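Here the structure is laid out as structure tokens; the discussion comes afterwards.
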Amino acid sequence: MHHEFWQDRWTRNEIGFHQDSINQYLVDFWSTLSPSGNESVLVPLCGKSHDILWLNQKGHAVLGVELSDMACRDFFLESKLNATVTPGSPFTTYIHDDIQLWCGDFFALSPQDTAHCKLIFDRAALIALPSETRQLYAAQLKSLTQNGAKILLVTMEYPQAEMDGPPFSVPSEEVHQLFQSHFTIRHLHTQELGRDDPFAKRKGLSQLQEHVFILQRSTGKSTESGLL
Ligand SMILES: C[S@@+](CC[C@H](N)C(=O)[O-])C[C@H]1O[C@@H](n2cnc3c(N)ncnc32)[C@H](O)[C@@H]1O
């Protein structure tokens, strides 16, 4: 998925993925990560999600990373928060107190940028990416996290042949395949949405499920440099 694809989606306001309310799995399962409230939270591919505000209201400093400057600007405008904008490369930063949105490519983040983030929330980030980029995304999360870091991950599963992504189908098996070398994986929940779900109906899907996982960074079995 090229960057222009997402920039166009934002420019045309084709952002059906954006939720008007807080993600229900975040509300239901965040406590399962046993957060103290002091940890900084990384939100990859964050859009202008209200989940950022919810996490901040729980006491977390939040670092969101998003390609679209329109999304970053709209997040602060719609939240009625003034942000200090600092143009830069590879990231232009939008900062209000302890909410930071970094506008740029998630793959340009370095481990130093996120060393303070012990928790991560991924809703519609992994599943926004095509198969080959999902492998790079998993590798990037490995390199950005240290032992003990936890990710609350939400994925979607449907017969991929019935629709082109995004969102892409990412079943439990793929989550294991992508992350098991460096994370312990706990499957928390599966929601059967089925063919009558409005999204499934619109896309003509015969089946639809959402899965929720906690991934916890472990030392890993690989001996690749930088990962242990
Ligand atoms: C499906 S949306 C999900 C947004 C958000 N997580 C939510 O729940 O509303 C995916 C977002 O990722 C952004 N994006 C795509 N590729 C990216 C990249 N390489 N780096 C940063 N953001 C990216 C897109 O602009 C888009 O806003």
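Couple of notes before you dig in:
- Residues in region 151-175 that are out of contact with any Lys or Arg (no Cβ under 6 Å at 6 or more places or on another chain), within 16 Å of the ligand (Cβ to nearest atom) and of a type in the set (Val, Ile, Thr): Ile151, Thr155, Val170.
- Close pairs (8 angstrom Cβ cut-off, 6 or more residues apart or separate chains): over 26 Å from Gln7 (Cβ atoms) in region 48-67, assigned to a helix (DSSP H, G or I) and within 12 Å of the ligand (Cβ to nearest atom) anywhere: Trp54/Leu26
- Qualifying residue in region 80-90 (condition: within 12 Å of the ligand (Cβ to nearest atom), within 12 Å of the chain's Cα centre (by Cα) and modelled with pLDDT of 95 or more): no
- The residues in region 162-216 that are loosely packed, with under 15 Cβ neighbours inside 10 Å and among the hydroxyl-bearing types (Ser, Thr, Tyr) can be counted, and the count is 3.
- Contacts under 8 angstrom Cβ, first residue in region 1-22 being closer than 12 Å to Leu45 by Cβ, partner outside any loop (DSSP other than H, G, I, E, B) and near the ligand (Cβ under 9 Å from one of its atoms), 6 or more apart: Met1/Ala128; Met1/Thr133; Phe17/Ala128
- Exactly one residue among Ile15, Ile52 is of a type in the set (Val, Ile, Thr), farther than 17 Å from Leu129 by Cβ and within 12 Å of the ligand (Cβ to nearest atom), and that residue is Ile52.
The values are calculated or read from the model by the stated rules, or taken from the named source; none is laboratory data. Just so we're clear, the structure is a prediction, and the values are computed from it rather than from any experiment. All Cβ positions, even for glycine, are placed from backbone atoms using ideal geometry, and neighbour counts span all protein chains on display.
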